[in-house]
Every structure is written in structure tokens, then in C-alpha cells.
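Below is one structure, written out as C-alpha cells; the observations come after it.
The values are calculated or read from the model by the stated rules, or taken from the named source; none is laboratory data. Predicted, not measured: the structure shown is a model, and the values here were computed from it. Every residue, glycine among them, receives a Cβ derived from its backbone with ideal geometry; neighbour counts consider all protein chains shown.
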Amino acid sequence: MPAILVIEDEEKYRRVIGLHLSGSGYQVKATATAEEGLKLAGEVDLVLTDLKLPGMDGLALLEKLRAEDMHTPVIVMSAFGTVENAVEAMKKGAVDFLPKPFSLDHLTVVVEKALEVRQLRDENRQLREALGQRYQFENIIGRSPAMQEIFSTVTRVAPTRATVLLCGESGVGKDMIARAIHQHSPRKDRPFVKINCTAIPENLMESELFGYEKGAFTGANTSKPGKFETANLGTAFLDEIGDVPGSIQVKLLRVLQEHEFERLGSNRTQHTDVRIVAATNVDLRAALENGTFREDLYYRLNVVPINIPPLRERKEDIPYLVEHFAEKFAGSISEGAMERLLAYHWPGNVRELENVVERSILLAQGPTVEAGDVRIDGGQRAKPAGGSAGDHFLPEGMTLEEYEQSIIREALKRANGNKSQAARLLGLTRNALRYRLTQMGMEG
Ligand SMILES: Nc1ncnc2c1ncn2[C@@H]1O[C@H](COP(=O)(O)OP(=O)(O)OP(=O)(O)O)[C@@H](O)[C@H]1O
Ligand SMILES: [Mg+2]
């Protein structure tokens, strides 16, 4: 039975909250001051504290708890109109806030969520140990400690409905992880709706996200559900969340907080049960500082942050990724080629590595990619140390793809359409040729 400490100076509040929580099956301790509460905080699973207290206030309490390295989650309650304080409290480590007055149902939800997050944190550590040697999570590869940690977080958090914020440069795997979270959740048979916030123009965003009624605006000849309605009971993946304009941020906050929205042109409030996963490749904290991103929305999204480091900061993943892609593209990679791949800094991260491996396999001289076959940077061969490879080895006016296709066509012609023979002529495996033909739309 989880234990909850309630710190509230107003006796009436303290009593009602205490009764409600013990009625819900929690063990409750209650105090009127933070000083007293501090002594009990280590013995409970959750602290629920008022912000404004005589003597030490809620913020000071949070600081003390951190200073003493106590990880008991804290929910703060604050009177209406003091959102700034609540945000301040979240920054100091509070897991959630309850604006007063709140309903007891709302209290239950917030308490359950906070306890869930706490349990996740505890289990994460155990799981990391158990995972030990696992370098792959579904089709996501990673043996670096950072990726191992991410796998265990995903495993723990996926089954809950906690909001996840994925941060990382382009090509590090944010999409993949968002999908893995959905796949490992009880919502996996429900929709996974990806919303690319950059791709939707600002004036269309509201209707895209929340839908509209007939006649809501010129051209709205029918009514249409929005992405959040489509995603109901499933997962909404908000990609490039940093690009959401302020007017929409308020509405997203409402979805996250109250699970409510209205279609454009309607005043019927809809309730939605959507799990939110958001992603960004910019540092949202900078956007917070210059005021383009709302703090309250940020703290709502950042319940479970997952930071995916760039590939250059986890080079130990490269050999495993390369082997994985080599298998996918039916080729093999020599040690010399691997060294080349390890030496590069991968500004385009895993996406770029995948492309380079694919291209190198397809254009290699023999069945194995040798160091000289590695084609980094838009299809050109890696420059050999000390010299420069011919920059203009492509026939005038031809793209790499066109050139490649012309060679493949030529080989097929010479082999009278026999694919095994054409593959031999090209120095490719049959699989690699077949794969390439599929890519070119020439298979079958
Ligand atoms: N750990 C990994 N294991 C295997 N493949 C990966 C991994 N990470 C990324 N990839 C591959 O790299 C490509 C890019 O990944 P993804 O689309 O998930 O990146 P992203 O972070 O969402 O990028 P962007 O910010 O540009 O949207 C995908 O084709 C994916 O298959
Ligand atoms: Mg993406």
C-alpha cells in the first residue's frame, strides 16, 4: 500500500484530502508545516504539498529534498493564479501540480500518475541490469550505455500512458523509438498518428489537429475529424513540437491537461484518451528562454524525457549498426571499410550511416565492401588519406542513381536478362541485385 504525505496548513483541506486518499487505499500521513513534513518525507512514496505554507514554503521544501538527495516524488498544490509558482516548482523537481481548487477525481489521477512514474524509475535500474547483453530492441540497434538506458526506459514507460519527449538531432532514431513505444503499449492495435508540426501551415494547424464542422470557415463544405480524434485510444506522435505556434500550444496544453478540445466551429467539447509522444531536434530550453515555447506545455510534455545522443557520441554503436544494415542490404563489410566508417563524424547520424552502407554495398567492386568502396558524402568515394579521389567520375549530366541504373541495365542486356549472370558481371550478390532492381521498380 503506497504511503502519501500531505503537507497542508489549512485544516479543512488537509482533512478532506487525507480522507479521500485513505479511502482510495493509500496510507496517509498529514502535517501542517514543511518542517515537520521534511522529517517524514523519506518514509513515504509520494509527497503532496501546498506551495504557500507558514515558515518553510513548498519551494524551499523541494530544494531541501534535492539537497538531501531524496527522490520521493512531490506534487505541489497551488492557489488559482499562481501558475508561475507552479512552473517554478516543476523546475525544482516537482513531478506535477494541482491548481486549487481541484476535484478529488483530478487528485486521484495526478497521484496515480506520479506513483507510476516513481515505480518506473525504480524498475528502470533493475531492468538495466537484467537487460545486460541485449544490443537490440526490436529493430533498433544500440549497445552504447546511452542506448541501453533508452531501451530500458522504453520498456518501462511504453505500457503506461505517460507522456514522452524525445530529443535528438535529425536521423538519430526518434521516429523509430516513438513507434516502439506505441508497439509496446496496450494501445498497439489502435492508431498511431504522426503529426509533423513543421509540415502543416499555421493557418491549417488547428483544423488539422482538432477537426472542423461544416461551415467553420470558407471552403469547409463538410465536417471532418482532426488528428486527435483519429488518434483516440491510440498514440499521437507530435514530431518537431518546437515548431508549434503559440496559439496551438495553448490548445495542446488543454489536451494534455484536461484531455479536452473542440472542433473548429463547434462548441461541443470532446474528451479524448490519447497518449502523447513528442519529438524535437532543437533544444526546447532555448525556446523557453526566448519565450517562443510555453513553459507549462514544456513541463507537461517532459514527463519522461528521452535524449538520444548523436551517433558521433556513441561510436561503439557503429559496428553493430553497420552489420545490421549490411545484412539488410545483402552485403558484407571488410575491416578496412569499417575503420573508415568509424572514423567519420556522421552529421546525418544513423540515417546517413544507413544510406552510406547501402550505397557502398551496391556500388562496391566485389562482394565485400573494401575501404576504397566506402562512399561517404552524397555518393562519392571516401577520399583516400593524403589525396583526392576523382571528383568527376560520373558521366556528364548523370546523377549517381541514373548512372547506376544504366550500368545495371547494361549488365542485364549482356546477360540476356539472366539475373544471376548479371549479378556476377556486376560483382554483386544475387540478393543485392534483386534488392536494387526492386528499388528501381524493375523487379518481376
Ligand atoms: N538505433 C537504430 N537502429 C537501426 N536503425 C536506426 C537506428 N536509429 C535510426 N535508424 C534508422 O535511421 C533512419 C532515421 O531514423 P528516424 O527517422 O527514426 O530518425 P529521426 O530522429 O526521427 O530523424 P528526423 O529528426 O530527421 O525526423 C531510419 O531509416 C532508421 O531506420
Ligand atoms: Mg523523425
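In segment 292-307, which residue that is among the hydrophobic types (A, V, I, L, M, F, W, C) and in contact (Cβ under 8 Å) with a residue 60 or more places away in the chain is nearest to ASP243 (Cα to Cα)?
LEU301
Answer with yes or no whether ALA60 is surrounded by fewer than 22 Cβ atoms within 10 Å (Cβ to Cβ) and either under 18 Å from MET90 (Cα atoms) or of a type in the set (D, E, K, R) (or both).
Against the criterion (surrounded by fewer than 22 Cβ atoms within 10 Å (Cβ to Cβ) and either under 18 Å from MET90 (Cα atoms) or of a type in the set (D, E, K, R) (or both)), ALA60 qualifies.
In segment 45-88, how many residues are part of a loop (DSSP other than H, G, I, E, B) and not β-branched (Val, Ile, Thr)?
Selection size over segment 45-88: 15.
State all residues of segment 143-160 that are outside any helix (DSSP H, G or I) and among the basic types (Lys, Arg); if no residue qualifies, say none.
ARG143 - this is the single residue of segment 143-160 that is outside any helix (DSSP H, G or I) and among the basic types (Lys, Arg).
How many residues does segment 224-242 hold that are in a helix (DSSP H, G or I) and under 16 Å from THR198 (Cβ atoms)?
3
VAL244 passes all but one of (1) surrounded by fewer than 19 Cβ atoms within 10 Å (Cβ to Cβ); (2) in contact with a Cys (Cβ under 9 Å, 6 or more places away or on another chain); which number fails?
(1)
So, of the residues in segment 161-209 that are more than 12 Å from ligand 2 (Cβ to nearest atom) and polar (S, T, N, Q), which turns out to be surrounded by the fewest Cβ atoms within 10 Å (Cβ to Cβ)?
Once the filter is applied, the top-ranked residue is ASN203.
For residues that are in contact (Cβ under 8 Å) with a residue 40 or more places away in the chain and in contact with a Ser or Thr (Cβ under 7 Å, 6 or more places away or on another chain), scanning just segment 236-262, find the one that is nearest to ARG300 (Cα to Cα).
Within segment 236-262, the match that is nearest to ARG300 (Cα to Cα) is LEU256.
Just a yes or no: is a residue in segment 339-346 among the small types (Gly, Ala, Ser), within 24 Å of GLN439 (Cβ to Cβ), without any contact (Cβ under 8 Å) to a residue 60 or more places away in the chain and assigned to a helix (DSSP H, G or I)?
Among the residues of segment 339-346, not one is among the small types (Gly, Ala, Ser), within 24 Å of GLN439 (Cβ to Cβ), without any contact (Cβ under 8 Å) to a residue 60 or more places away in the chain and assigned to a helix (DSSP H, G or I), which makes the answer no.
For segment 191-223, name all the residues that are of a type outside the set (Lys, Arg) and in a strand (DSSP E or B).
PHE192, VAL193, ILE195, ASN196, TYR212
Restricting attention to segment 217-233, which residues are surrounded by fewer than 19 Cβ atoms within 10 Å (Cβ to Cβ) and under 25 Å from ARG161 (Cβ atoms)?
Within segment 217-233, PRO225, GLU229, THR230, ASN232, LEU233 qualify.
Find all pairs meeting these conditions: Cβ atoms under 7 angstrom apart; at least six residues apart or on different chains; first residue within segment 164-185 and outside the structural domain of GLY348 (by TED's automatic domain parsing) and touching a residue at least 60 places away in the same chain (Cβ under 8 Å); second residue within 9 Å of ligand 2 (Cβ to nearest atom) and in a loop (DSSP other than H, G, I, E, B).
Partner pairs satisfying both residue conditions: GLY168/ASN281; GLU169/ASN281; SER170/ASN281.
If I go through segment 131-147 residue by residue, how many of them are at pLDDT below 85 and exposed (fewer than 11 other Cβ atoms within 10 Å of the Cβ)?
2
Taking LYS214, is it more than 13 Å from ligand 1 (Cβ to nearest atom), assigned by TED's automatic domain parsing to the domain that holds GLY265 and crowded, with 19+ Cβ neighbours inside 10 Å?
Spelling it out, it is not the case that LYS214 is more than 13 Å from ligand 1 (Cβ to nearest atom), assigned by TED's automatic domain parsing to the domain that holds GLY265 and crowded, with 19+ Cβ neighbours inside 10 Å.
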